[in-house]
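Here's the structure we're looking at; comments come further down.
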Amino acid sequence: MYSIGVDVGSVAAKAVVFDGEKIVAREIIPTGWSPKESGEKLFEIVKSMAEIEKHQIKSIVGTGYGRVALSFIDRKITEITCHGKGAHFLDPSIRTVIDIGGQDSKAIKLDDKGNIIDFLMNDKCAAGTGRFLQVMAHALEIDISQLSQIGEGATPETISSMCTVFAESEVISLMASGASKEGIAAGLLQSVCSKTYTLVSKVGIQDKVFFSGGVSKNSLLKEFLSKKLGVEVFSSELSQYLGAIGAAVIGYGV
Ligand code: ADP
């Protein structure tokens, strides 16, 4: 038997198929304008990837901001709970999860069973989220996936505005004054690092720290966070799937 976890985020929809021991299929697609349509499409994709039929599915759990739009799921569970269970499944020694997605960032403190002890979420402002980096990458005329590589080894420019709109103006002024793309990229990642540090500090930093969400693909930001927090920050190729994994694990009842 299998369970399926579907995490429909603000930017990306992620789904995994779980057989009670391991993830046997996973996929990610853009959420687009309709969380309902992308969720349904993704469900069909992972079902066929895993080559399973409806009767082999014991539970389908939805999470993420778009979960309310999904009619094919059995249960809806909050992202925070799913991230906790997903992290515990990947590595039971994880005690702090830093999640930076398309439109929000979270710091979650876990106990030794993956239950939530405390959490904080910034979903009021784009600063410190993937959206912030996307806007800045656009201003620098690069892809968001290049930010890390471009900023590597550069002396960071100071980006003093926290607000995305003002920071974009600041980036444009820096470019006009001859600052390098490399220095600006590093400065932008430092800015996200500081904002994240403030959030995590309020929850309390406890080893082992795991970085999830699409922004965790940025290895330079992970490096900056490790330095600032004073502990190594880990991530994995499954980092963006953490919510979907937690949903599937809860659905399986393990
Ligand atoms: P959500 O659940 O809110 O949809 P995700 O956790 O799936 O968000 O992350 C999506 C975000 O990840 C994108 O909006 C983008 O900003 C960011 N992202 C994707 N790839 C990269 C990358 N290589 N480096 C940094 N950020 C990235």
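How much space per residue, in cubic angstrom, does the convex hull of the C-alpha atoms of region 175-231 take up? Mind dumping the intermediate values first?
Numbers: hull volume 5.0 nm³, N = 57.
Value for region 175-231: 88 Å³ per residue.
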Nitroxide proxy distance, nm - points 7 Å out along Cα→Cβ at Val11 and Asp207:
3.1 nm
Find out how many positive minus negative residues lie around Ser71, taking Lys and Arg as positive, Asp and Glu as negative, among other residues whose Cβ is under 15 Å from that of Ser71.
+2
Could you check the spin-label model distance between Met121 and Met162? Points 7 Å from the Cα along Cα→Cβ, value in nm.
2.0 nm
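Evaluate 2.2 N^0.38 Å with N set to the residue count of the chain, then give the Cα radius of gyration divided by it. List each step's numbers first, then the result.
Working: Rg = 18.4 Å, N = 254, 2.2 N^0.38 = 18.0 Å.
Ratio of Rg to 2.2 N^0.38 Å for the chain: 1.02.
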Okay, which of region 51-81 sit inside 12 Å, backbone N to the point 7 Å along the Cα-Cβ direction of Glu21?
none
With no solvent and one point per C-alpha, what does the Debye sum give as log10 I(q)/I(0) for region 30-160 at q = 0.15 Å⁻¹?
-0.98
Between the alpha carbon centres of region 124-155 and region 172-200 the gap in Å comes to 8 Å
Per principal axis, largest first, the Cα atoms of region 144-197 extend in Å by 29, 24, 19
Based on Cα positions only, what radius of gyration and what Dmax would you give for region 115-169, in angstroms?
13.7, 42
I'd like the antiparallel share, as a percent to the nearest 5, of DSSP beta bridges with both residues in the chain.
65 percent
Heavy-atom surface of the chain, accessible at 1.4 Å and reported per residue (Å²)
45 Å²
If you average 1/r across every pair of different Cα atoms in region 1-83 and take the reciprocal, what Kirkwood value do you get, in Å?
12.3 Å
Run the accessible area of the chain with a 1.4 Å probe and give the carbon-and-sulfur part as a rounded percent.
50 percent
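The values are calculated or read from the model by the stated rules, or taken from the named source; none is laboratory data. Not measured: the values here are computed from a predicted model. For neighbour counting, all protein chains shown are included, and Cβ atoms are generated from backbone atoms with ideal geometry for every residue, glycine included. Surface areas here come from the heavy atoms of the whole protein model, side chains and all, with no ligands, DNA or RNA. Shrake-Rupley method; radii C 1.70, N 1.55, O 1.52, S 1.80 Å.
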